[in-house]
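Taking it in order: structure first as structure tokens, then the write-up.
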Amino acid sequence: MSFDKVHQEKHAVLSKAVDEVCEAFTLTSEKLHELTDFFVASMEKGLGEEKEDAEYRGLPMIPTYVTGLPNGTENGMLLAADLGGTNFRVCSVELQGNHKFSLLQMKSKIPEELLEDDSVTSDQLFGYLARRTLAFINKHHPEYLQNKEKLKLGFTFSYPVDQTSLSSGTLIRWTKGFKIKDTLGEDVVQLYQKHLEAQGMPMIRVVALANDTVGTFLSHCYCSENNGSLTSGEIVEPVMGCIFGTGTNGAYMEKIENIKKLPEKVRQELLQAGKTHMCINTEWGSFDNDLKHLPTTRYDIDIDQKFSSNPGFHLFEKRVSGMFLGEILRNVLVDLYRKGVIFRQYPSEEALPHRLRTPFDLSSEVLSHIEIDDSSQLRETELSILQSMRLPTTHEERIEIQKLVRAISRRSAYLAAVPIAAILTKTDALNKRYHGEVEIGCDGSVVEYYPGFRSMIRHALALSPIGPEGERKVHLCIAKDGSGVGAALCALVA
Ligand code: BGC
């Protein structure tokens, strides 16, 4: 057989194997309907179930004690701190009362050892957060250190917390890589406050605890010029905040009468005080942890069971969020290698480049370069994989890798549309006003930077139960810096 013929046959074998994988990542309109219906049912169940502990497997649907939304007229100077999956940010926020704000911030990358080392304690983590807070105050507001008056701080904490009031909540479980055992069940506000005081900042009071999705939602409401009293008419209603970044999650307003899990006394008090709605942190990363409806490939099972820090939980997040997209591709590539159809120059698995063998070493950012590569011979892809993974590729391999990347990202975006369609359906938001247009405040690296992610969500929304007509009424808006401003807004009302 000629060299060319052998070459073509090898490509055909690889191509066939890749097509089978891509097929397993495809979501049909029927599946989107099934998942959306199940999401609505899970929301209803979650609102009724009281349990918020580490063993709970349903959709958490956590009451946040936020009972109103800002309209852009709020004023004040507040502090905010935000612990996410990758960074810790401290900010001072000046709300100017006209949908505008100014913000000073210090962002620090969370040290690897706090994420990776199993022996890290709560005191080490919160001690670090307090020291970074002090560094921020020293740099931007040294005058605060002499303050006699209390300074209010809103704390954005982007992990599942069982919230008992606006300013207290105990950690249910870590996600996004943290593993610190002794934080579980502890009140994270008290921990942070204790360490702020130990660092000589008793004047700072942590008065509000907010999930990042709640922060994003509130900040979008504040910033949206379409919202509230400063504009002549109500045009578009902000209905939810969501994050598609290292992790994924969403928050929306639910009628208090529907939140059956709230203690009866609290519910009655709120209703008597004229409150009608409360913001719910859905923790949708945990949707369908029992895998009754979520599409599941062997790669999803391996990532959850062998490589993740919280096996059996946050299974929706493990198919959607930025922390996992690269890891899914890595698992597929290693599997194709084991099948003998790719990277054939390596004689054994041990000989593969170290980064291809190391869990979570393939970053989702690499996928974003490959996704839109239209260079000749896919040279951009070649360079990106070579630089990030030290892995040389042939043109044929790159064609197939690009197919895989697009299948993985499309599944992620299609799944991302499910909770959005479900919340719009459950709240009937699209039929509430004359035109029924709604705004969704989104934040996170994937929705902001992954090429085409928002259009893929829109395609899926059109295929979902809200249909093309519903999809046209949805505005997916980027709410930048959402969590900092949102935490400040929470602190303002506390
Ligand atoms: C956490 C959520 C958070 C989301 C986005 C998830 O892993 O459980 O609380 O909102 O990531 O940051």
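The residues of the stretch 142-175 that are farther than 24 Å from LEU104 by Cα, touching a helix residue (DSSP H, G or I) at 6+ places or on another chain (Cβ under 6 Å) and not small (Gly, Ala, Ser) amount to a single one, LEU171.
If the condition is being in a helix (DSSP H, G or I) and surrounded by fewer than 22 Cβ atoms within 10 Å (Cβ to Cβ), then the stretch 464-494 contributes GLY467, PRO468, GLU469, GLY470, GLU471, ARG472, LEU492, VAL493.
For the stretch 331-364, give me each residue that is on the phi > 0 side of the Ramachandran plot and within 29 Å of the chain's Cα centre (by Cα). If the condition is that a residue be on the phi > 0 side of the Ramachandran plot and within 29 Å of the chain's Cα centre (by Cα), then PHE360 is the only one that fits. Contact map, the stretch 361-374: residues that are more than 14 Å from ILE408 (Cα to Cα) and free of Cβ contacts under 8 Å to residues at least 60 places away in the same chain paired with residues that are in a loop (DSSP other than H, G, I, E, B) and among the polar types (S, T, N, Q), Cβ distance under 6 Å, separation 6+ or inter-chain. No pairs are found. For the stretch 438-478, a residue qualifies if it is in contact (Cβ under 8 Å) with a residue 12 or more places away in the chain and either out of contact with any helix residue (DSSP H, G or I) (no Cβ under 8 Å at 6 or more places or on another chain) or polar (S, T, N, Q) (or both), and the qualifying residues are SER445, GLU448, SER464, HIS475.
When the stretch 41-85 is limited to residues that are under 15 Å from GLY169 (Cβ atoms) and of a type in the set (Gly, Ala, Ser), the one that is surrounded by the fewest Cβ atoms within 10 Å (Cβ to Cβ) turns out to be ALA54. The residues of the stretch 95-139 that are within 20 Å of LEU489 (Cα to Cα) and in contact with a helix residue (DSSP H, G or I) (Cβ under 9 Å, 6 or more places away or on another chain), listed by number, are LEU95, HIS99, LYS100, PHE101, LEU103, LEU104, GLN105, MET106, THR133, ILE137. Counting only helices (runs of 4 or more DSSP H) that sit completely within the stretch 205-317, those holding 3 or more residues that are under 29 Å from TRP174 (Cβ atoms), without any contact (Cβ under 8 Å) to a residue 60 or more places away in the chain and more than 16 Å from the ligand (Cβ to nearest atom) correspond to 298-302. Total residues in the stretch 68-87 satisfying the condition of being more than 16 Å from the ligand (Cβ to nearest atom) and outside any strand (DSSP E or B): the figure is 7.
Residues checked against (1) assigned to a helix (DSSP H, G or I); (2) touching a residue at least 12 places away in the same chain (Cβ under 8 Å); (3) farther than 23 Å from ILE328 by Cβ:
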residue	(1), (2), (3)
VAL13	yes, yes, no
LYS16	yes, no, no
ASP19	yes, yes, no
LEU27	no, yes, no
GLU34	yes, yes, no
GLU50	no, yes, yes
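For the stretch 96-117, the set of residues classified as touching a strand residue (DSSP E or B) at 6+ places or on another chain (Cβ under 8 Å) and either within 16 Å of PRO70 (Cβ to Cβ) or not β-branched (Val, Ile, Thr) (or both) consists of GLN96, GLY97, PHE101, SER102, LEU103, LEU104, GLN105, MET106, LYS107, SER108, LYS109, listed by residue number. Cβ separations smaller than 9 Å between residues 6+ apart or across chains give the following pairs from the stretch 332-355 residues that are closer than 14 Å to ARG390 by Cα and part of a loop (DSSP other than H, G, I, E, B) to residues that are of a type in the set (Val, Ile, Thr) and at pLDDT 95 or above: PHE343/THR393; LEU352/VAL334.
The values are calculated or read from the model by the stated rules, or taken from the named source; none is laboratory data. Because the structure is predicted, anything quoted here is derived from the model rather than measured. When we count neighbours, we look across all protein chains shown, and the Cβ atoms used for this are built from the backbone with ideal geometry, even at glycine.
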